[in-house]
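Visitor: Mind looking over this structure? Questions follow.
The values are calculated or read from the model by the stated rules, or taken from the named source; none is laboratory data. All values derive from a computational prediction rather than experimental measurement. Neighbour counts are summed over all protein chains in view; Cβ atoms, including those assigned to glycine, are modelled from backbone coordinates with ideal geometry.
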Amino acid sequence: MAGSSAHARRQPNALQRLQSKVALWWRQLDLKGRIATSVAGALVVALIATGVVSLSGSSGKAALPTTTTSTTTTSSTTTVPQPHVVSHVCPLTGTPAIHGKVPDRPALGVKIGNDPDARPQTGLPDADIVYEEMAEGGITRYLAIFQCRVPPAIGPTRSVRWDDWHILASYHKPILAFAGGIDPWEAMVSQLASEGKLFDANGLSEPQANAYYRMSNRSPPENYYTSGAALWKLDAANRTPPPRQFLYTAGTPHEAAVAAGATVSGFDDASTVQWKWDARAKLWMRYVGGVPDVDSSGSQLHATNVIIELVDTQPGPYAESGTVPDVESITEGSGPAWILRDGKVEIGTWSTPAYGALTTFRFTGGELMTLAPGNTWVELVPNQRYPVSIQH
């Protein structure tokens, strides 16, 4: 198909594949596993260096050590939320469901590009929740989550990243839609799908590719699009809505302070992100590089809530852009957080105790931070070199 040649160019060579898989295997081990296997790992490296383990041969792949331990599968201490939906309230926005009933379908996560060539995007205004993740070199990408509304078109769809299945782990068997990726990440999505953790809607694999199409007025790879109806049809047997991700309240907590906006600086290509409160619309309006950030219809992107989380990051095992390693945002743990709602800002911390657990937000005194009913954008900001400022 039209995307296969671009996909082939992203494939690492034999040495890079081995480096990627060793790095992935190493991160999948917990601390005890890493200590226990450190000697074996050193031996593997030594064998590779001396040629005992070959990178060539009929398959072109080296044998790798195996393990049954993985941080991306549910452990005995991880509590995965079970679906709990009020039948008439959209679980991912806290707003009344269209036609008075929540659709009986899973959460749909779609990976959407955000480099300058990918703009303007299509479908973001229909998303219940949008996560903005660092990709590489100061460029971000989106993971847009849909459930209550059906987006007629979504795109451009781009490759899967390490962050994506970590973010979706609390959504209970969601669909993950993307356009290919490096071998280890495609393999991990396939593994999670085989375990019933999510549905693999890789647009560069058959038969899932039937849910995608090429736009004639855009250039590859920014011309690969899909739709909500086509993607939900791939997993039509799953009729279970996701659990609520955030706590919604009609009133703003008294600890909140008046705010006019927020700025996240340090992005590449004049991509500084700003959110400005529009008192008339009662929405946070999005700006990129100092100008309104618009979708393909020309409408400015906006949100009822904006969550900013400072997260630890680590370099990925393979430079997808060819020169700069991708950035992996670690969404388990805790860190500083800001919630913008109702023209105010709540300041505190976020906490996700384990893979698959819901994220909670608390003020420094321990009280819960809450969101207003409506759509939400989540800014996952690396805790170094990307300063956050609040305008009052």
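Visitor: Please list, ordered by residue number, the strands (runs of 3 or more DSSP E) wholly in region 182-281 having 1 or more residues that are closer than 26 Å to Thr359 by Cβ.
Guide: Passing ranges, in order: 199-202, 261-264, 273-278.
Visitor: In region 226-255, what count of residues is obtained for those that are surrounded by fewer than 13 Cβ atoms within 10 Å (Cβ to Cβ) and basic (Lys, Arg)?
Guide: Restricting attention to region 226-255, the residues satisfying the condition of being surrounded by fewer than 13 Cβ atoms within 10 Å (Cβ to Cβ) are 229, 233, 236-237, 239, 250-251, 254.
Restricting the remaining residues to those that are basic (Lys, Arg) gives 233, 239.
Adding up the residues that qualify gives 2.
Residue-wise test of (1) crowded, with 17+ Cβ neighbours inside 10 Å; (2) under 26 Å from Phe361 (Cβ atoms); (3) within 23 Å of the chain's Cα centre (by Cα); (4) not assigned by TED's automatic domain parsing to the domain that holds Val324.
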| residue | (1), (2), (3), (4) |
| --- | --- |
| Gly261 | yes, yes, no, no |
| Ser265 | no, yes, yes, no |
| Gln274 | yes, yes, yes, no |
| Trp284 | yes, yes, yes, no |
| Val288 | yes, yes, yes, no |
| Val291 | no, no, no, no |
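Visitor: Which residue out of Gly181, Gly228 is out of contact with any Leu (no Cβ under 6 Å at 6 or more places or on another chain), more than 27 Å from Glu136 (Cβ to Cβ) and not assigned by TED's automatic domain parsing to the domain that holds Ile347?
Guide: One residue alone meets the criteria, Gly228.
Visitor: Any residue in region 126-142 that is assigned to a loop (DSSP other than H, G, I, E, B) and modelled with pLDDT under 95?
Guide: Within region 126-142, one or more residues are assigned to a loop (DSSP other than H, G, I, E, B) and modelled with pLDDT under 95.
Visitor: Same structure, new question: Looking only at region 258-292, which residues are farther than 17 Å from Ala135 by Cβ and acidic (Asp, Glu)?
Guide: Residue satisfying the conditions is Asp278 alone.
Visitor: Are any residues in region 104-124 under 19 Å from Val150 (Cβ atoms) and surrounded by fewer than 17 Cβ atoms within 10 Å (Cβ to Cβ), and if so, which ones?
Guide: Asp104
Visitor: Suppose we filter region 307-337 for residues that are outside any strand (DSSP E or B), under 16 Å from the mean Cα position of the chain (by Cα) and under 17 Å from Arg141 (Cα atoms); how many remain?
Guide: 3
Visitor: Of the conditions (1) modelled with pLDDT under 95; (2) part of a strand (DSSP E or B), Trp284 satisfies every one except a single condition; which number is it?
Guide: So Trp284 meets the others, but not (1).
Visitor: Okay, moving on. Can you pull out the residues in region 216-256 that are under 23 Å from Gly196 (Cα atoms), more than 19 Å from the chain's Cα centre (by Cα) and basic (Lys, Arg)?
Guide: If the condition is that a residue be under 23 Å from Gly196 (Cα atoms), more than 19 Å from the chain's Cα centre (by Cα) and basic (Lys, Arg), then Lys233, Arg239 are the ones that fit.
Visitor: On to the next question. Restricting the first residue to region 321-336 and requiring it to be under 21 Å from Phe363 (Cα atoms) and not assigned by TED's automatic domain parsing to the domain that holds Glu133, which pairs with a second residue that is of a type in the set (A, V, I, L, M) and in a loop (DSSP other than H, G, I, E, B) meet a Cβ separation below 7 Å and a spacing of at least six or different chains?
Guide: Taking only residues 6 or more apart or on different chains, the pairs are Glu332/Ala354.
Visitor: Take region 150-169 and flag every residue that is more than 17 Å from Glu133 (Cα to Cα) and touching a Pro at 6+ places or on another chain (Cβ under 9 Å). Reasoning before the result, please.
Guide: Narrowing region 150-169 to residues more than 17 Å from Glu133 (Cα to Cα): 150-154.
Those that are more than 17 Å from Glu133 (Cα to Cα) and touching a Pro at 6+ places or on another chain (Cβ under 9 Å): Val150, Pro151.
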